[in-house]
Amino acid sequence: MKPLAPILGLALALAGCAQFDQAFAPPPPSALSQPIQAAEIDWSRKSGANTLSGIATMKAGDTTHTCGGQAANLIPDSAYARARMTAIFGNDTRGTRAASLAPVKFDRDDPLYVSTLRRTTCDASGSFSFPRVPDGVWYVTTAVKWDGPGDRPEGGSMMKRVDVRGGRLVKVTLP
């Protein structure tokens, strides 16, 4: 019976290592089951009378970090976009994802998602603007990231769902 104890102990240790490796492994690619239907986002390709402007900052102690130099994205609402935001941020309304977490990878981006994405770059103060936006529901995304102690990534990605209508200026603050 005594020789069985070391073997059992080794088996349990190896099983624990396998679980430890799985806990720190990057997540598998997410599959978004439904492609975008062209009719669902045709409205977003038009030019509109709205302007969406925003600012993205995060505080760490006494320092305010901005999205300066990062892409700011404007994404038209669709079932695909809602599923994507939920996969990344845990919901489709507003959220942040810590830079220390592994990025969510997708099997393949829907080509319509990519072609209707509007992109600009945040300035040094963390401001961005999208002119000529048509009426509709959009997602604004960007990232505020910096190197923490030991070059560990700090900050994160952020998202907010915004309803833009009536030829007006809509201001967004992220996170």
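Does ALA13 satisfy the criteria of being in a helix (DSSP H, G or I), exposed (fewer than 12 other Cβ atoms within 10 Å of the Cβ) and modelled with pLDDT under 90?
Details: in a helix (DSSP H, G or I): yes; exposed (fewer than 12 other Cβ atoms within 10 Å of the Cβ): yes; modelled with pLDDT under 90: yes.
Against the criterion (in a helix (DSSP H, G or I), exposed (fewer than 12 other Cβ atoms within 10 Å of the Cβ) and modelled with pLDDT under 90), ALA13 qualifies.
Looking at (1) farther than 20 Å from VAL164 by Cβ; (2) surrounded by 12 or more Cβ atoms within 10 Å (Cβ to Cβ), can you tell me which one ARG108 breaks?
The one condition ARG108 does not meet is (2).
Considering each of GLY156, GLY167 in turn, give the residue that is small (Gly, Ala, Ser), in contact (Cβ under 8 Å) with a residue 12 or more places away in the chain and in a strand (DSSP E or B).
Result of the check over GLY156, GLY167: GLY156.
VAL104 is checked against (1) more than 22 Å from ALA38 (Cβ to Cβ); (2) part of a strand (DSSP E or B); (3) of a type in the set (Val, Ile, Thr) and fails just one. What number does that condition carry?
(2)
Quick check on segment 71-101: of everything there that is among the hydrophobic types (A, V, I, L, M, F, W, C) and assigned to a helix (DSSP H, G or I), which residue is surrounded by the most Cβ atoms within 10 Å (Cβ to Cβ)?
ALA81
Exactly one of these conditions fails for VAL114: (1) at pLDDT 95 or above; (2) not in a strand (DSSP E or B); (3) not small (Gly, Ala, Ser). Give me its number.
Looking at each condition in turn, VAL114 falls short on (1).
The values are calculated or read from the model by the stated rules, or taken from the named source; none is laboratory data. This one's a predicted model, so the numbers in the text were calculated from it and none came from an experiment. Glycine gets a Cβ as well: all are built from the backbone with ideal geometry, and neighbour counts include every protein chain shown.
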